[in-house]
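First comes the structure, then the notes that go with it.
The values are calculated or read from the model by the stated rules, or taken from the named source; none is laboratory data. Note that this is a predicted model, so its numbers are computed, not measured. Don't worry about glycine lacking a Cβ; one is built from the backbone with ideal geometry, like all the others, and counts go over all protein chains shown.
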Amino acid sequence: MIATTLPVSAQTLAAREKCRRMVALLIGRPVSWPGPVRESGEEVARGVAFHRLVQRHRLGMEARATGQLAELWQKFNRSPYFETRGAIFTERILQFSLDGVPFQARLDEVRQDGDQWTILDWKTGPLKETSLAFQPQTRLYRFALARAGSALNAGKPISPTNIKMVYWLVGLEKPIAIPYDQAAFEADQRFFAEVAREAKEPLSALPWPESADACYTCRFDSYCNPRPARIVSIPEPSLPRFAL
């Protein structure tokens with residue numbers, strides 16, 4: 001059994017889509033196994049800067065954008081979510097645990113309108129729209145609000161039927177809204193219970209990915225698939241001869 005030290009996040013669940021061993025690998029070690037970094041630094045920096053602008057705007061501070069970020073900010077200005085109205089919780093973390101395994105959802109924004117709750121997620125990069133309702137991030141965020149949202153609701157639980165998740169994408173004029181209900185909540189409960197079970201299983205009991213391609217691009221490849229070091233023979237250098 002691997003002792004869990006880090007919470008299961010949306011990134012952990014996304015990695016699990018390619019390999020069921022990833023949950024145990026990622027949360028069972030405080031330091032990631034050395035591996036290549038494949039995220040676009042420019043794309044990540046743009047997303048971080050945009051989130052900071054939104055947070056400044058919500059706090060009533062000046063939000064000034066330049067260059068490429070200014071174009072993103074103008075698009076956001078035209079969206080229905082630019083206005084700051086009602087109860088808004090920005091950059092919040094919700095945590096819950098299942099069978100002793102911690103889970104964590106980092107929410108860009110949560111809005112309350114009466115008994116209705118909307119989870120907003122800003123996407124400044126590409127996003128696959130296929131089956132968004134079943135993507136790990138969607139499942140984790142909606143479930144977390146239903147499971148642990150009482151922290152935002154004066155200690156009162158939030159019904160799954162009153163929750164929806166909205167993705168605001170730069171490339172789309174209309175945001176993508178995904179509702180929630182009790183049946184989906186119960187399905188997610190079973191899903192996350194299975195994830196918690198996998199987190200506590202020994203690696204030897206977990207299935208390998210169907211395709212080896214997942215291993216070639218994985219940071220844990222050298223850990224799961226150790227290879228013997230190559231022994232390189234170096235020819236002896238020819239030294240000059242001197243006559244005595």
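Is there a residue in the range 3-25 that is surrounded by fewer than 11 Cβ atoms within 10 Å (Cβ to Cβ), part of a helix (DSSP H, G or I) and either at pLDDT 70 or above or out of contact with any Lys or Arg (no Cβ under 8 Å at 6 or more places or on another chain) (or both)?
no
Residues ALA144, ALA70, ALA63: which one is hydrophobic (A, V, I, L, M, F, W, C) and touching a strand residue (DSSP E or B) at 6+ places or on another chain (Cβ under 6 Å)? Don't jump to the end; show me each part of the working.
Numbers: ALA70 fails: touching a strand residue (DSSP E or B) at 6+ places or on another chain (Cβ under 6 Å); ALA63 fails: touching a strand residue (DSSP E or B) at 6+ places or on another chain (Cβ under 6 Å).
Answer to the check: ALA144.
May I ask you to list pairs of residues, at least six apart or on different chains, whose Cβ atoms are under 8 Å apart, with the first in the range 71-100 being touching a residue at least 24 places away in the same chain (Cβ under 8 Å) and the second being of a type in the set (Ser, Thr, Tyr) and buried (at least 17 other Cβ atoms within 10 Å of the Cβ)?
LEU72/THR124; GLY100/THR4
Within the range 171-183, track down each residue that is outside any loop (DSSP other than H, G, I, E, B) and in contact with a helix residue (DSSP H, G or I) (Cβ under 9 Å, 6 or more places away or on another chain). Walk me through how you get there before you give the answer.
So in the range 171-183, the residues outside any loop (DSSP other than H, G, I, E, B) come out as 176-179, 182-183.
Within the range 171-183, ILE176, ILE178, PRO179, GLN182, ALA183 meet the criteria.
Pick from VAL54, VAL31: which is crowded, with 20+ Cβ neighbours inside 10 Å and either of a type in the set (A, V, I, L, M, F, W, C) or at pLDDT below 70 (or both)? Working first, answer last.
On the way: VAL31 fails: crowded, with 20+ Cβ neighbours inside 10 Å.
Only one candidate qualifies: VAL54.
So in the range 211-236, with the set limited to residues that are loosely packed, with under 10 Cβ neighbours inside 10 Å and at pLDDT 75 or above, which one is farthest from GLN104 (Cα to Cα)? Lay out the reasoning, then the answer.
Residues of the range 211-236 that are loosely packed, with under 10 Cβ neighbours inside 10 Å, as a first pass: 216, 226-236.
Right, trim to at pLDDT 75 or above and you get 216, 226.
Working: TYR216: 28, PRO226: 31 Å.
Here the answer is PRO226.
Okay, residues lined up against (1) small (Gly, Ala, Ser); (2) in a loop (DSSP other than H, G, I, E, B):
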site: PHE50; (1), (2): no, no
site: ARG56; (1), (2): no, no
site: ALA70; (1), (2): yes, no
site: GLU83; (1), (2): no, yes
site: GLU91; (1), (2): no, no
site: ASP108; (1), (2): no, no
site: TRP117; (1), (2): no, no
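Using the structure shown, decide if LEU72 is within 30 Å of VAL195 (Cα to Cα), aliphatic (A, V, I, L, M) and modelled with pLDDT under 95. Working first, answer last.
Values: within 30 Å of VAL195 (Cα to Cα): no; aliphatic (A, V, I, L, M): yes; modelled with pLDDT under 95: yes.
When the stated conditions are applied, LEU72 does not pass them.
With (1) more than 20 Å from ALA14 (Cβ to Cβ); (2) under 22 Å from the mean Cα position of the chain (by Cα); (3) surrounded by fewer than 18 Cβ atoms within 10 Å (Cβ to Cβ) as the list, and GLU109 as the residue in question, which single condition is left unmet?
GLU109 satisfies all of (1) more than 20 Å from ALA14 (Cβ to Cβ); (2) under 22 Å from the mean Cα position of the chain (by Cα); (3) surrounded by fewer than 18 Cβ atoms within 10 Å (Cβ to Cβ) except (3).
Pull out all pairs, ordered by first then second residue, where Cβ-Cβ is under 7 Å, the residues are six or more apart or on different chains, the first lies in the range 155-172 and is of a type in the set (Lys, Arg), and the second is surrounded by fewer than 17 Cβ atoms within 10 Å (Cβ to Cβ) and modelled with pLDDT of 90 or more.
Sorted first by the residue in the range 155-172, then by its partner, the pairs are LYS156/SER150; LYS164/ALA177; LYS164/PRO179.
Residues of the range 150-170 being modelled with pLDDT under 95, touching a Leu at 6+ places or on another chain (Cβ under 9 Å) and either surrounded by 24 or more Cβ atoms within 10 Å (Cβ to Cβ) or assigned to a loop (DSSP other than H, G, I, E, B) (or both), which ones?
VAL170, the sole residue that qualifies.
Given the criteria modelled with pLDDT under 95 and at negative phi, does ILE88 qualify? Walk me through it before giving the result.
Numbers: modelled with pLDDT under 95: yes; at negative phi: yes.
So ILE88 passes the test.
Any chance the range 187-198 includes a residue that's charged (D, E, K, R), under 30 Å from HIS51 (Cα atoms), modelled with pLDDT of 90 or more and not in a loop (DSSP other than H, G, I, E, B)? It would help to see each step written out before you state the result.
Restricting attention to the range 187-198, the residues satisfying the condition of being charged (D, E, K, R) are 188, 190, 194, 197-198.
The next check asks that each one be under 30 Å from HIS51 (Cα atoms); those that pass are 188.
Then drop every residue that is not modelled with pLDDT of 90 or more, which leaves 188.
Filter again for not in a loop (DSSP other than H, G, I, E, B), leaving 188.
Yes, that holds for at least one residue.
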